[in-house]
Each structure stands twice: as structure tokens, then as C-alpha cells.
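Chemist: Got a structure for you, written out below as C-alpha cells; questions coming shortly.
The values are calculated or read from the model by the stated rules, or taken from the named source; none is laboratory data. Here the structure is a predicted model, which means the values were calculated and not measured. Here the Cβ positions follow ideal geometry from the backbone for every residue, glycine too, while neighbour counts run over all protein chains shown. The area values use the complete protein model at the heavy-atom level, side chains included, leaving out ligands, DNA and RNA. Shrake-Rupley method; radii C 1.70, N 1.55, O 1.52, S 1.80 Å.
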Amino acid sequence: MNLSDARARAEQLRAEIERHNRLYYIEAAPVLSDRQYDQLYDELKALESSHPELVTPTSPTQRVGGAPIEGFTRVQHRAPMLSLEKTTDIRELELFEKEILRKLPDFQPDYIVEPKVDGVSISLHYVEGLLTQAVTRGDGEFGDDITSNIRTLREIPLRLQGDQPPPPHLEVRGEAYMNEADRIALNEKLRERGDKTFANTRNATAGSLKQLDPRIVAERPLRAVFYSLGYTEGAHFATHSEELNALRSFGLPVPQIWQHTNTIAAAETAARDLKEREGELPYEIDGAVIKVNDNTACRALGLKTNVPAYAVAYKRPEWFNEATTKLERIVIQVGRTGVLTPVAEVAPVFLDGTTISRITLHNEEEIRRKDIRIGDTIVIKRAGRVIPAVVRVVDDARTGNELRFSMPTTCPICGSSVASRELSGERGGMEVALRCENPHCPAQEARRIEYFASRAALDIDGLGGAVADKLVERGLAHTVFDLFRLRLEVLAKLNLGTEDKARLLGEKIAQRILAALDKARSAPLAKWLFALGIPSVGETIALKLASAHQTIDDLAHSELIARIADSPELDAQIAAANPQGQQNRGKPESEKEKLAQRHQLLIAQRAALLDEIKQNNLDGIGPVVAREIVTFFPSLAGNTVLRELKALGINPQSEPSHTPDTSGPFAGKTVCVTGTLNAFSRSDAQAALRKAGAKVVDSVSKNTDFLVVGSDAGSKLDKARKLGIPTLDEAAFVEHLKS
Ligand code: AMP
Ligand code: ZN
């Protein structure tokens, strides 16, 4: 292709890609499959790499910049980013209006009611239509420059769109956020790599924006929404609703729902309505914001001390399912991988249908950040509707007798030293978590056995946490392999009680456990890989690895995995050989030519690797995971696994095919499972769905096609009803599978 054709094609591809970003994110009406989108992107990327002079800063390929930065630059906001006054009932809203009328007696009530997005505030500057800077709110006056991170969000235009010429300077303000389903999926990935997970969407957003490496940010499912203007030149809007419309016409995402009302009582109703319709929004909201629509009135009203006088946040307490209780004690739990987790024991309190007496505090950083002390009165909430979390401490209730907590310096179970690990991958730094360093720690041994026996793993019926504890304590099993050497007589006599007050496991349960263990011997490879607790190998990764390898030995010697593990090396070679690269700029032409040849060769190698990864269904297995696998098998733990399996005569095999049936009864459908089914375990139901062609997801969103509902279904069912998503009970599910 000659240069001018290439230029034209690149322009066309860029416009196409931006159009599809808009359709996908802003209009929520994608017309391309992910694959088709990737094809456009790959074509553009290829075109630009053979004609580097065609690359423009606003090209979609330039969203993810180069190397990680050292730290963020502090930037002063042109106008401070303010907080909002809070109101909790109609009476306070009437006072808000009264205050306005006192200052502006002629004010004609005219309000916009918007969602109060529970994300992280950001400010973006567009100069002559180009995104030049993005800044966090920080302390309101100074924030951090996070431009290269924000550029990775595909729904944020790098260049303002629309028919109107862009104003010379436009600052737009809004929130970056992550939706709950994306957070859960992200946590799964992080957990598989042994990285820190996020307790709620706001932490996930803040944590992602704080990354110094934009390439990591690009992999985080961050999104954004904009609801106001900051500093502007050459743009004037008479009302707030005009601003919202302008933002949208520039191609920026704005709240999908907002209402215009002419009385404060109607605004209150609109706020309630908004909270009711939260399920339709892709973000969590922590209330509504009520704003005076007329900008002239807003300017006249100005500020009251530190908050605008023309807008309020409206948050009814019952919207947040919060409860107050007393923190009595903090205990330490030691997990499977040795992580020490502080857990708060609180005075039992009823919240959202269950009694809560223990709440995880995650880690010391969290305790310090929220300044949680033993004896504190705390406000708790069921974050993500499931796990209870401490929202904040009630400062007014402090007596001065509360005690600060610090993490122990030795493991409370085995007394070994504890330490924090270096983070894996190129990011470096230290993990927040402290770990017990003793691989023979009884707590770790018991948790590994419990994990091995769990439903998602080898499903050893009868072997739960309490039995695992006692097996280790009584010296009957220290590893999962010891389980296969247990004899019925011995197991049946396992004392689950104390020395004085014995309570034996009994023959019946012992038989059940042994039968399940026997069955586990021939469980598929994927289940075994997951059950063994190999670092980074969670359920999804285990499935992928098993579909590309026949046995565990094959995986241990996998050449493809080794090549993935080494791929950063290949990338580095490609960069070094790039004749256009900085380091090669001054080189003589003859040398450049040689480099160019080598560059092409290496690129072809990488393309071949990517191809092979795709063919083997291994996309999603990146260098970090591959490296973990490559280092695991030669390690002491890995060696033990291979040796013990051989000694026990266990050789798990990959199942014939995991490829979903594209003509199956659930082909192309996105399905979620909730509650307890009679004939299936949760993972069996999901496996059956996958086999029938479904994409199985963990939470309900508007993109879900069906929810399979067992007994005791909870919030997912509520959400499905709210969104009008069809549900299938077990009978209908089975019926549909057969069809
Ligand atoms: P707060 O931090 O609770 O005082 O609330 C003020 C913050 O709410 C603002 O700084 C914004 O970051 C955020 N916010 C979320 N949604 C909106 C909205 N629709 N309008 C204005 N501010 C919002
Ligand atoms: Zn220990």
C-alpha cells in the first residue's frame, strides 16, 4: 500500500474505532463483536507500525503510552473542586430552597436532579479540542496529573467530537468509576495472580488510577461519566441542562438519567426515583445531586463557606443499609497462602436479613486509614451487597479508652516470623499483606486441605474447615496427598471435640469422605490444577491450562507456557531493534536496515506466538501467570506435587473438549446462576451452561440474558427483577439444556 492510501485507511480506521467506542460505551448499543473490534484495532496497529510517520497523538493506538512514570505531578486546579452540602430529608431540602429565595427573591424554582456517582472525581482539560490534561480532585485545590492513565479509558475522547468547533479551552468534571460486575471479575484475576483485591468499586477505581504504569491501567475496567464544567474559554451555557447536552454532543459520557423539575418537592421525588432506578446505571450511586438549573442564578448564589450554594447532595440514610455496632475485639486469621487477615468481632447486629458478628478488616493499612480502634462504635454496611464492611468510626462515641491495633510480628498460630512479600511482575514494590513464612504452619495446612476439598475444587463432601483443622491438629494429614492415605478406622475416630469432651467424626461421614476422595482421583485435570492451589491458577486459568495440556506433566514441561513467560524479553528485543526507536535515531542507514530486518523478524515471531496462544485458547494467560507456573514446578512445592501424584498413582487427564458448543441451547447467551440448585452444584451448573454455549457471569447486569434461580436466591434475583431479566427455575433450566 502506498503512503497516501495507508494514510487514508488509517484515518478511516481511527474514525471507525472511535465510532465503535462511542456505540459501545456511550450509547450502550455495540454493533461489533469484541473480535471484530480487535480486528480493526490490529489492522490500524499494523498499518502504523509499517508507516510510523502516520501515528498521531489522538490515534486509538496511542491511548496506552510508553513506560511507567516515577510519580505524579501535582497540579493546581484553576477553580477548586468543591464538596457538596448534604441533605437527608425533604425538610432540609426546603431549607436549601428557602436560603436561595432569601438571596434571590425572584428565583423561579428550576432544578436538575442527577445521580451522585460514587466514584473518584476527575477533571479533564481539552485545549482546542484535544485532551491535554487529566487531574484527580486531590484536596480540592491540588490534584495529581493522571493524564496518561485517563487516556487509556476508551470512552473518553482524545479529541472532542461533534459538528460544533470545540472551544479554545474546556474543563470537564466528573467521576471515574468501575462497575460491580467488572470489579468482581478484576478481583478474580488479581486473586489468581496473588495480587491484592479490592473491597469495593471505589477502592478499585482509586487504586487503579494511582498506578504508575498506564499499561496496567489499560487492563483495568475503568469507566467515566461527566456532569459539569470547570474552567472554560469560549463556551457559554445559560443552564446546567445545556451543559449536559453540550458534554454529550462533544462525545463525553454523561449521566443516562437526569430530571428537570420545578419544585423542590418534585426534585425530592425525582431523587427517590433515581435511587430506585440505580440498577439501570452502570455505576453505584451514593444519592442524588440537586442543582439549580439557571447558571445566572448559580453565579449570583456563589458559595457558602466551602460548598456551592446552588447545589446539594441528597442521601436518605435508609438507602445505604447501614447499621451501628461496637467493635469488641480484633482477631487474626491465617489463610491458605499464609496471609494474616485481621477480623473484627462486633456485637451481633441485624443488617439486611442476616446477623453479623464478624467483619473482615482486610489489612493493617485499611485499619489505619479508617482509624479503627478496639472498643470503637462503628458504622457497618454490606458492601457489594454481600460482605459486611466497616464504613467509618463514629468519632463522637469515643471515650478515650479505645485501643489502637497493630499487626502481630509473629504468626498467632505457629509463632513463625511474618513478612510482606515483594510484588510479582515488573511493578515491584511490597505487598500490603503480611504472611506467615512457615510452609508447615498448621493454619496454612488446614486451609490448603479445606480449599482442596471445597466445592469448586475437588468437592470432597464431608471435609469442611472444621474437619481440616482437626486432621492437621491430630497429625493425620499435613498435605492434601496425606488424605489419600487415610484409613477408614482411623478417620472414623477423628476427634472433632476436645480431649475431655470427645466428639468423633463417625464411620458414616468417614466413608463419605473416602468415597469422595476415591472419586477425586479421576477428576479432570482442570479441577486438580485449581485444587492444588498453584499460585496464580484460579478456576478460569485452570480451565484454560487444562484445555491446552493433556496432563500435569505436560503442563510442567510446556514449551508454550515457557515462551509466554519469556515474552517480555521478546518485547524488549523488539523495542531495541526498532529502527525508529529513540536509541537508534543516530545510527547510520546501513545499520538501520539491518535493524529493520531483525525488527521484522522479531515481530513475526511475536505474531506467531500470539497466534499459537489464540489457537490454544490461552489468551488471558499473560507473562505474569506463565512465570508463576514456570517457577512453580521446579520448586520444592512443585516437585512434591509431581512426586506425590506419581506415588499415589493419580494422573489427572484433560477432559476431551472444553470448546463451547456454538449451536448449543444457550449459544451466545450470557447467563448467571444464583441460589442453590438441587441436582447441580454451582460449578456443575456453570459447566453445563458453558458446554451449552453460554457465557457464564457472576453478577447480573443489563447485558445478562438469563438468571438461573435456585432456592434462597438473594440480591441477584432482586436485581434481575428490577432489570426485567428473564429467570429460569431449575426445571426450566434443565428443560432448556435439553432443547
Ligand atoms: P462529597 O465528596 O460527598 O462532599 O460530594 C461531593 C462530590 O460528589 C463532588 O466533588 C463530586 O466528586 C461528587 N459527585 C458525584 N456525582 C456528582 C454530580 N452529579 N454532581 C456533582 N458532584 C458529583
Ligand atoms: Zn503460621
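Chemist: Could the peptides 357-367, 251-261 be put in order, highest first, of the mean number of other beta-carbon atoms found within 10 Å of their residues?
Modeler: Ranked by mean Cβ neighbours within 10 Å, highest first: 251-261, 357-367.
Chemist: Which aspartates and glutamates have a Cα lying under 14 Å from the Cα of K304, excluding residues fewer than 8 positions away in the same chain?
Modeler: Qualifying aspartates and glutamates at Cα under 14 Å: E85, E97, E99.
Chemist: Something else about it: Go through segment 474-480 residue by residue and turn each phi into a ³J(HN,Hα) via Karplus (6.51, -1.76, 1.60, θ = phi - 60°); whole Hz please, and just put x for glycine and proline.
Modeler: My calculation for segment 474-480 gives 8, x, 7, 8, 10, 10, 5 Hz in order.
Chemist: Give me the accessible area of E328, 1.4 Å probe, in Å² rounded to the nearest 10.
Modeler: Rounded to the nearest 10, that gives 90 Å².
Chemist: What is segment 321-404's relative contact order, in percent, from Cα pairs under 8 angstrom and six or more apart in sequence?
Modeler: Answer for segment 321-404 is 29 percent.
Chemist: Okay, next question. Size of the dipole of the chain about the Cα centre, Lys and Arg at +1 and Asp and Glu at -1 on the beta carbon, nothing else charged, in debye to 20?
Modeler: 1100 debye
Chemist: What number comes out for the charge environment of V671, summing +1 per Lys or Arg and -1 per Asp or Glu over other residues with Cβ under 10 Å away?
Modeler: Here the count lands on +2.
Chemist: Now for a different question. Taking a probe of 1.4 angstrom, what is the accessible area of K691 in Å², to the nearest 10?
Modeler: 140 Å²
Chemist: While we're here: Taking Cα pairs under 8 Å and at least six residues apart, what relative contact order does the chain come out at, in percent?
Modeler: Numbers: 1285 pairs, mean separation 66.6, N = 739.
Dividing the mean separation by the residue count of the chain yields 9 percent.
Chemist: Please give the Cα centre distance for segment 642-721 versus segment 197-261, rounded to the nearest Å.
Modeler: First find each Cα centre; the distance between them is then 35 Å.
Chemist: According to the square roots a ≥ b ≥ c of the eigenvalues of the Cα gyration tensor, what is the shape class of the chain, taking rounded for a/c under 1.5, prolate for a/b larger than b/c otherwise, and oblate for the remainder?
Modeler: oblate
Chemist: While we're on this one: To the nearest Å, what is the center-to-center distance of segment 530-545 and segment 15-61, using C-alpha atoms only?
Modeler: 33 Å
Chemist: Here's a follow-up. Rank these residues by their accessible area, most exposed first, probe 1.4 Å: T409, T640, T61.
Modeler: Accessible-area ranking of T409, T640, T61, largest first: T409, T640, T61.
Chemist: Further question: Which entries in the list K275/K695; K45/K669; K45/K592; K614/K669; K315/K722; K315/K702 go over 28 Å, if you measure between the two C-alpha atoms of each?
Modeler: K275/K695; K45/K669
Chemist: Take each of the peptides 98-104, 415-421, 280-286, average the number of other beta-carbon atoms within 10 Å over its residues, and list them starting from the highest.
Modeler: 280-286, 415-421, 98-104
Chemist: Still on this structure, I have one more. Tell me, for the chain, which Cys residues have no other cysteine's C-beta sitting closer than 4.7 Å.
Modeler: C298, C672
Chemist: Per-residue accessible area for S49 at 1.4 Å probe radius, Å² rounded to 10?
Modeler: Approximately 70 Å² for this residue.
Chemist: At a 1.4 Å probe, what is the % contribution of carbon and sulfur to the accessible area of segment 45-142?
Modeler: 52 percent
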